[in-house]
Amino acid sequence: MARWATGVAVVTTHDDSGDAGLTVNALLSISLTPPSLLISLTQDADTTPVIHRSGSFAVNFLAADQQPISERFAQALPAVEKFRTLAVHRGRWGAPLLDGTLGAAECRVVAWTPRYDHVLIVGEVVHQEVGRDGAPLLFFRSGYAHADGTDRLRLSPPKP
Ligand SMILES: Cc1cc2nc3c(=O)[nH]c(=O)nc-3n(C[C@H](O)[C@H](O)[C@H](O)COP(=O)(O)O)c2cc1C
């Protein structure tokens, strides 16, 4: 999978315990009618049970200059630390939507399928926002990559 280039998103959610979120790149568009997508989350992630309880989540598509946010949400940090000083606004179902992204899709959970050590979660889009018209943050060869304009890719140096 290190040879598969992807974008990077932060999945966020909210329940009585507060906000939660994690960095993902296992993200798939399923259908346009209705608009729906799939994420694959490790069962170990602190965010996974929060999505189960809330029945909803948001996918925030990161811009190239949001690599620090990706790094923060990929760490084993208390959720409150992940959101500290981060500008967010609320989606229709209460999920925190990160400011400054390329866009966001807020979803209600319509399928929850545990497989191996992950759970496949299908979400039907209930609210969407188009954000900045900037370059995306990319992930390739186990590292971050950045698009230079639309036709050139700048790769991080390979890991030793
Ligand atoms: C680029 C990148 C993509 C990731 N994609 C996923 C993913 O699709 N699913 C997943 O469960 N974890 C993924 N992770 C790992 C989680 O972000 C990480 O385990 C995080 O600490 C979980 O946070 P939590 O336990 O607070 O929910 C990814 C990490 C990175 C850096």
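So the values come out like this:
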| quantity | calculated |
| --- | --- |
| Residue check for Ser29: under 20 Å from Ala147 (Cβ atoms) and surrounded by fewer than 17 Cβ atoms within 10 Å (Cβ to Cβ) | yes |
| Pair list, Cβ under 6 Å, 6 or more apart: the range 3-17 residue under 15 Å from Arg92 (Cα atoms), other residue in a loop (DSSP other than H, G, I, E, B) and of a type in the set (A, V, I, L, M) | Thr12/Ala95; Thr13/Ala95; His14/Ala95 |
| Only one of Ala20, Ala26 that is in contact with a helix residue (DSSP H, G or I) (Cβ under 6 Å, 6 or more places away or on another chain) and near the ligand (Cβ under 9 Å from one of its atoms) | Ala20 |
| Members of the range 84-98 found to be under 20 Å from His127 (Cβ atoms) and either surrounded by fewer than 21 Cβ atoms within 10 Å (Cβ to Cβ) or free of Cβ contacts under 8 Å to residues at least 40 places away in the same chain (or both), listed by number | Leu86, Ala87, Val88, His89, Arg90, Gly91, Arg92, Trp93, Gly94 |
| Restricting the range 32-71 to residues that are within 9 Å of the chain's Cα centre (by Cα) and more than 13 Å from Ala95 (Cα to Cα), the residue that is most open to solvent (accessible area, probe 1.4 Å) | Phe61 |
| Flag if Thr101 is buried (at least 18 other Cβ atoms within 10 Å of the Cβ), within 24 Å of Asp16 (Cα to Cα), of a type in the set (Ser, Thr, Tyr) and within 15 Å of the chain's Cα centre (by Cα) | no |
| Of the criteria (1) of a type in the set (D, E, K, R); (2) open to solvent by less than 70 Å² (accessible area, probe 1.4 Å); (3) within 13 Å of the ligand (Cβ to nearest atom), which one Glu81 fails | (2) |
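The values are calculated or read from the model by the stated rules, or taken from the named source; none is laboratory data. Here the structure is a predicted model, which is why all the values come from computation and not from measurement. Using ideal geometry, Cβ is built from the backbone for each residue, glycine included, and neighbour counts are taken over all protein chains shown. SASA here: full protein model, heavy atoms, side chains in, ligands and nucleic acids out. Shrake-Rupley method; radii C 1.70, N 1.55, O 1.52, S 1.80 Å.
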